[in-house]
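J.: Could you have a look at this structure, given as structure tokens, before my questions?
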Amino acid sequence: MAKDPREGGALWNWIYKYWAGPAAVQGAVEGVTQEARDGWKRDLEERKAYSRAQKAARQAARRR
């Protein structure tokens with residue numbers, strides 16, 4: 001049975017998981033300072049508001 005070409009095998013899976021995979025750094029998303037955390041939260045809320053506005057615009061366009 002042929003392997004899926006996306007599967008790299010045990011060695012590649014180990015390399016990705018332990019060496020080249022995504023970093024796990026505590027507090028990386030929120031930032032270190034309170035100002036950084038507040039900026040992150042503000043940015044997230046602005047993105048959510050933009051998404052809500054886009055969804056409302058699409059729904060309004062469909063109603064026409």
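J.: Tabulate in residue order the Karplus-calculated ³J(HN,Hα) for the stretch 42-53, using 6.51 cos²θ - 1.76 cosθ + 1.60 with θ = phi - 60°, rounded to whole Hz; enter x for Gly and Pro.
T.: Once θ is set to phi - 60°, the couplings for the stretch 42-53 become 5, 4, 4, 5, 5, 5, 5, 5, 4, 5, 5, 5 Hz.
J.: Quick one: if the Förster radius is 22 Å, what FRET efficiency do Tyr16 and Leu44 give, using the C-beta to C-beta distance and rounding to 0.05? Walk me through the numbers before you get to the answer.
T.: On the way: r = 28 Å, r/R0 = 1.29.
Computed FRET efficiency for Tyr16 and Leu44 comes out at 0.20.
J.: Could you order the peptides 33-42, 55-64 from most to least packed, using the average number of other C-beta atoms within 10 Å per residue?
T.: Values: 33-42: 11.3, 55-64: 8.3.
The densest-packed peptide leads the list: 33-42, 55-64.
All of the numbers you see were taken from the coordinates with simple rules; none came from a lab. Just so you know, these numbers come straight off a predicted model, no measurement behind them. Please note: Cβ atoms are built from the backbone with ideal geometry, for glycine as well, and neighbour counts cover all protein chains shown.
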